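Some notes on the structure that comes next.
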Amino acid sequence: MTSQEPGIYDEACAALEAMLFVSDAPVPCAALAAALDSDARAVRAALHCLRERLDERGSGLVLCETAGGWSLRTHPRHHAALERFVGSGDARRLSRAALETLAAVAYLQPATRARVAHVRGVNSDSALRSLVDKGLVREAGKDERAPGQPMLYATTREFLEQLGLKSLEELPDPVSFAPDAATEALIRERLGSPRPASDAAMHTPDGEESYSHDG
């Protein structure tokens, strides 16, 4: 597939749109290229073309590059209508405890239950189990340096997808949310480091994928 062929982007965009429509998870560019018997550079150009066309025609879908792949998602401007269409959505929302726990895991990972509880100032076992059940947090091996070798927890690919992130490096600096100097100091004290571990450096158990974006 080359950009010189007549109508190539019309055909490629249509094929990509169809493939992404039936995919339930972000698809890497390499997989799309293989399906089209093309090269990654041409497919990436077609993906950008498709994204522009969706935007130009005011589509209810947007093309997103997240978690090392590409996916079609509903446009944010229609979320209120979609919630009314499918229901209140309360069952899908995370509790405040779960959100706090998820944030702690995201910035500390890999982290033990005790470390998460220290950051939140309260036992977080129930929230962690809920996040694991929802597929947002996973068990990431054991901390062999700590007494009893407690379980370590880290975020999942689903976490990146839900937040629309390519990698953990795109997580905002938590200090930027501090309303005052005292809160900023507390965040730094509790988290130790204001940035999450890089994707490449983050510990993963055998067989678990890292979540860095490979283009």
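The values are calculated or read from the model by the stated rules, or taken from the named source; none is laboratory data. Because the structure is predicted, anything quoted here is derived from the model rather than measured. When we count neighbours, we look across all protein chains shown, and the Cβ atoms used for this are built from the backbone with ideal geometry, even at glycine. Each accessible area value is taken on the protein alone, full model and side chains, heavy atoms only, with ligands, DNA and RNA left out. Shrake-Rupley method; radii C 1.70, N 1.55, O 1.52, S 1.80 Å.
Worth a mention:
- Per residue solvent-accessible surface (Å²) - segment 104-199, probe of 1.4 Å: 52
- Kirkwood estimate for segment 21-61, i.e. one over the average of 1/r between Cα atoms, Å: 11.1
- Rolling a 1.4 Å probe over the protein heavy atoms of segment 28-138, with every protein chain left in place, gives an accessible area that is 54 percent carbon and sulfur.
- Theoretical FRET efficiency, 1/(1+(r/R0)^6), r = Cβ-Cβ of Ala34 and Ala181, R0 41 Å, to 0.05: 0.20
- Placing Phe159, Phe21 in order of accessible area, with the largest value first and a 1.4 Å probe, yields Phe21, Phe159.
- Ligands, DNA and RNA aside, Asp37 has an accessible area near 130 Å² when probed at 1.4 Å.
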